[in-house]
1. Determine which single condition Met502 fails, assuming it passes every other condition in (1) in contact with a Pro (Cβ under 7 Å, 6 or more places away or on another chain); (2) under 28 Å from Ile191 (Cα atoms).
2. Restricted to the range 374-394, and to residues that are within 26 Å of Asp456 (Cβ to Cβ) and in a loop (DSSP other than H, G, I, E, B), which residue is nearest to the chain's Cα centre (by Cα)?
3. Within the range 255-263, is even one residue under 14 Å from Val16 (Cβ atoms), within 24 Å of the chain's Cα centre (by Cα), among the aliphatic types (A, V, I, L, M) and part of a loop (DSSP other than H, G, I, E, B)?
4. For the subset of the range 427-451 comprising residues that are without any contact (Cβ under 8 Å) to a residue 60 or more places away in the chain and assigned to a strand (DSSP E or B), which member is nearest to Asn479 (Cα to Cα)?
5. Restricting attention to the range 420-441, does a residue exist that is among the charged types (D, E, K, R), more than 17 Å from Ile332 (Cα to Cα) and at pLDDT 95 or above?
6. Picking from Ile471, Ile490, which residue would you name as being touching a strand residue (DSSP E or B) at 6+ places or on another chain (Cβ under 8 Å) and either assigned to a helix (DSSP H, G or I) or more than 19 Å from Val293 (Cβ to Cβ) (or both)?
7. Pairs under 6 Å by beta carbon, first residue surrounded by 24 or more Cβ atoms within 10 Å (Cβ to Cβ) in the range 489-503, partner in a strand (DSSP E or B) and of a type in the set (Val, Ile, Thr), six or more apart or different chains?
8. Would the range 172-180 turn up any residue that is assigned to a loop (DSSP other than H, G, I, E, B) and either at pLDDT 80 or above or in contact with a strand residue (DSSP E or B) (Cβ under 8 Å, 6 or more places away or on another chain) (or both)?
Amino acid sequence: MAEVIRGKGVISGIAVGKIMLAGQNLDGYLVHYKAGSKEEEKEKARAALTAVAENLRTSIERLKKQGMVEQAAIMEAHRMMVQDPMMEENIMAKIEETASAPHAVLKAAEAQAVLFEQMADEYFAARAVDLRDVGKRVAKFILGVKEPEIGDEKVILCGREIEPSVIAGMPTENIAGVLLGSGSTTAHAVIIAKARAIPTIVGLNKEDRIDKIKDGDHVILDGERGEILVNPSAEERARYDERIRKQQELAAHYAALKDLPAVTPDGIKIDLMANIGSHMDVDNALSYGAEGVGLFRSEFVFMGRQDIPNEEDQFKAYKEAVEKCGGHLCVIRTMDIGGDKPLPYLNIPKEENPFLGYRAVRISLERHDLFLPQLKAILRAGVYGKAAIMIPMIINVAEFKKVKELIEEAKLELAHEGKSYADNVQVGIMVETPAAAIMTPVFAKYVDFFSIGTNDLVQYTLACDRGNASISHLYNHFNPAVLRLIRRTITSAREAGIWAGMCGEMASDPNAAVLLMAMGIHELSMSAPSIPRVKEKLRAVSSIQAKEVLSDVMKMEDADEIKAYLQKVL
């Protein structure tokens, strides 16, 4: 009988394989390392930085050729870290202290990682793993340490923190699953696993459950239930083999849906689009049947840098995304950065309550040196396809009117500079605060579209921090208050003759998609692998049935009751 360990399933699917502990310990190598003079050690460090950057460049090209664009983007971020002058400067300073290149590299990377871990935002805190990964890569090069060999048997990677490069550097067919000690769903290891649809469970550091799993153990990983069976019996393995067979059949079924439209049996069409963080994500999104980009998180263009990206840098990224959409819409959200996502070069003071603080459009309207180049870059990219501008965190009409004035100013500057730009770029807002949702009948007179950002809308409506595990049970997009705000937004758009979409996580919930379709939504944008499941559900439920379900749901008073009801009838 297998020992059952439970964590949090973040990527569904069943995987069977042998455990490979990831995150090689370098202590033994470091003990036996013989350091030379300080100048010799500095030269070793410089040579290692150059070689690792080149190795990463080779990996990036290989990943791109294999269509693994998201993994390539993450490795590109690692390459930028390796080539960051600040990293080299810190290493040289540490060599002056320790006179050992590998020690200095690890200490410099650790110092930067600690700074990231102290940030309130989960995304930035998760980047500490990337910095340690980069440090370990460079140190391994100096020490002459090679990565472990992989045999014919599929492996399940397991570690308290798994370096993104470990997953990105291994062929997908060799990785059956991922077990991660940390609970972060925004860690790059998880992002890569999600892009490859690799079953993944996180949160095993709690109560040291990860220590019960040893290198070489045979395990069954159930990503849907968050269960891990360690060294299962033949009977248990046979039981899961049947579920794996059904899983493979389902994957083939979803693949067959790629080119089919999301149309209900009675002819209601919903556009299914993708959320992306980089222009390199578009190809992957299209492979799942995305009909364009509903959310390009432009803040990723600003991250991993030492200074503000200029107009040309942004233009190239936006242009490539717009071109790859092939005539379909590409909605680019202006920089959603702020107190909870600090960028060193913006010098934003630490805030007590950053989610309610100086962020997103509030920064853009004050920092024209940031906002105008971005607007100009998007307008220029619009020449190469169909682009739209989406403004985050709008709470009143005055803010949006100021945005429109700045867009006109950007057009005038472009005309004066003799640069081509699209004059027909749509401009809309994210509806992610109760204030915006309540005022949608008024906003609808000024905007071209609404895109409902449920991640924050749920948080602000329910006064529930979505990152707080203690109250996570309260965070529910089926809460009646949230549903009423969403319905109001969609109705306001319909009555004004503009379109309404959704780009929050709720859009990837198939049962929620049915409710949204009944409310009259035009577009849903989500992580690309979720598109087939949502499409299948929409193609199976008529608008008449959906409206009957919506009528019942809107009479209910409890989110859990609504969720259970939808599960039963849909």
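The values are calculated or read from the model by the stated rules, or taken from the named source; none is laboratory data. Fair warning: this is a prediction, and the values are worked out from it, not measured in the lab. Here Cβ is always computed from backbone atoms with ideal geometry, including for glycine, and neighbour counts include all displayed protein chains.
1. Failed condition: (1).
2. The qualifying residue nearest to the chain's Cα centre (by Cα) is Pro392.
3. No.
4. Val431
5. no
6. The match here is Ile490.
7. Note: pairs meeting the criteria are Thr489/Val431; Thr489/Ile452; Met502/Ile452.
8. No, the range 172-180 contains no residue that is assigned to a loop (DSSP other than H, G, I, E, B) and either at pLDDT 80 or above or in contact with a strand residue (DSSP E or B) (Cβ under 8 Å, 6 or more places away or on another chain) (or both).
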